[in-house]
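Q: One structure, pasted below without further comment.
The values are calculated or read from the model by the stated rules, or taken from the named source; none is laboratory data. Bear in mind the structure is a predicted one, so any value in this text is a computation, not a measurement. Using ideal geometry, Cβ is built from the backbone for each residue, glycine included, and neighbour counts are taken over all protein chains shown. What goes into the accessible areas is simple: the full protein's heavy atoms, side chains included, and nothing from ligands, DNA or RNA. Shrake-Rupley method; radii C 1.70, N 1.55, O 1.52, S 1.80 Å.
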Amino acid sequence: MDEFRQTLGSRLREFINEQPQQLEANGWSAEFVRGAMAELAGNSVLAGSGNSGDSVRVVTDAALLLSAKDPSMLDETNFWRKERHTLGKGLWLLTSAIIALTKFFVLEWSNEFDYQMDHDLPTELLFH
C-alpha cells in the first residue's frame, strides 16, 4: 500500500476537483465537495490510519465514482496477485488498483471495528 499511497491520494484529489458534480449528484453538499473534500480524501489516504468514519465515507465514495464500476462487481480484484507487479510508482492507477487500494485503506482505518460482531447478528440475516 505504501508504494501506491501517494498516487491514490493524488488521484482522488484530482477526481474530486475535476468532477465535483458527480459527488454532488451522489448527495454530497456542493460547499463541502468544492471546499475541503479533495484535501480530506487525499490526506486521509496519506495518513495510513485513523478513526474517522466520515473520512472513510469520503474516500470510498470518491473511489467508487472514480472507478465507475457497478458495486456488485467490487468483490474480487487481482491487483495484489498480478497487477501490482506491473505498475511502477506514479503510474496511472487502473480501476482494479483503485478498488484494491481503497479496500486496504478501509482496513487501515478500521482499527476500532469489532471483528467478532457477526456473532451478535441474528442467524436469519442474509448477507449480500
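Q: Quick check on Arg81: is it open to solvent by 60 Å² or more (accessible area, probe 1.4 Å), assigned to a loop (DSSP other than H, G, I, E, B) and closer than 23 Å to Trp109 by Cα?
A: yes
Q: Give the residues of the range 24-55 that are touching an Asp or Glu at 6+ places or on another chain (Cβ under 7 Å) and in contact (Cβ under 8 Å) with a residue 12 or more places away in the chain, sorted by residue number.
A: Of everything in the range 24-55, those that are touching an Asp or Glu at 6+ places or on another chain (Cβ under 7 Å) and in contact (Cβ under 8 Å) with a residue 12 or more places away in the chain turn out to be Asn26, Val33, Gly48, Ser49, Asn51.
Q: State whether one or more residues within the range 56-68 are open to solvent by 30 Å² or more (accessible area, probe 1.4 Å), among the hydroxyl-bearing types (Ser, Thr, Tyr) and at pLDDT below 75.
A: no
Q: Right, here's the next one. Being open to solvent by 30 Å² or more (accessible area, probe 1.4 Å), assigned to a loop (DSSP other than H, G, I, E, B) and closer than 27 Å to Trp80 by Cα is the filter here; which residues of the range 2-52 pass it?
A: Asp2, Glu3, Ser49, Asn51, Ser52
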